[in-house]
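J.: Pasting a structure below so you can have a look.
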Amino acid sequence: MHRRLSILALLLFTPALAAAAGAGRFELTPTASYNFGGTIDGGTADIFNLDLEAEDSEAFGITLDIPLAPWMQLEFLASRQSTALRIDGGLFQTGQDFADFDVSYYQVGGLFQWGNGQIHPFVVMSLGVTELDPEVQGATSETRFSGSFGGGVKIFFNEHVGIRLEGRGFWTLLESYDENYDGDYCCYEFSCVCDDNYNSEFTQAQASAGLIVAW
């Protein structure tokens, strides 16, 4: 019975894999990045009660691109930044370290590319989740809905090896409230609100470079 199911699964997936292979190449790209920005507003922070900024720092990740057509790929992305939260010191003051802070993105989306030969400009859009993990007593890691949009260029040295240069923006929804909530003052893990409608967001920009391995 198990052998029949295995044969059936192979028959079902072989055409899909063959079509994908005919549409282009699979690409695995380890990346080194630098993340900019990211603020948790003290006016909405239940635990912190002060403005905290994620320090700009390096991040590391990986993308897997599966060909759907010569001009389109299904992309899976994972990226992790180990940084620190800093107290916002204002325009003329130096910020102070508050706590270690990890930011992890796990997303899936579409990459659209064009060009011929060795150079392929592209744009990419994705949706997924962000894991925010501050090392603060009384706080736990939180997973929130997120999205990203970016673009860049792939430059291939040969059929199987190339580099990928990219700029991307990430948007994470921390909390969302509306006037249907029964209460004038609402507190959750990351935020409190006094208004009837409120959105709390965490945004970052990322510049990255990676080595493409294609097959």
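The values are calculated or read from the model by the stated rules, or taken from the named source; none is laboratory data. Given the structure is predicted, the values throughout are model-derived calculations rather than measurements. Heads up, the Cβs are rebuilt from the backbone with ideal geometry, glycines too, and the neighbour counts pull from every protein chain shown. The area values use the complete protein model at the heavy-atom level, side chains included, leaving out ligands, DNA and RNA. Shrake-Rupley method; radii C 1.70, N 1.55, O 1.52, S 1.80 Å.
J.: Sorted by accessible area (1.4 Å probe), largest first, how do Trp114, Trp171 line up?
T.: Trp114, Trp171
J.: Please work out the FRET efficiency for the pair Asp100 and Val213, using the Cβ-Cβ distance as r and a Förster radius of 35 Å; give the result to the nearest 0.05.
T.: The pair Asp100/Val213 has a calculated efficiency of 0.60.
J.: Grab the Cα-Cα distance for Phe145 and Val108, subtract it from 0.36 nm times how many residues apart they are, and report the gain in nm with one decimal.
T.: 12.1 nm
J.: If DNA, RNA and ligands are ignored and the probe is 1.4 Å, what is the ranking of Phe101, Phe157, Phe26 by accessible area, most exposed first?
T.: Largest accessible area first, the residues go Phe157, Phe26, Phe101.
J.: Length gain on complete extension for the stretch Tyr34 to Gln137, per 0.36 nm per residue less the alpha carbon to alpha carbon distance?
T.: Between Tyr34 and Gln137, full extension yields an extra 34.3 nm.
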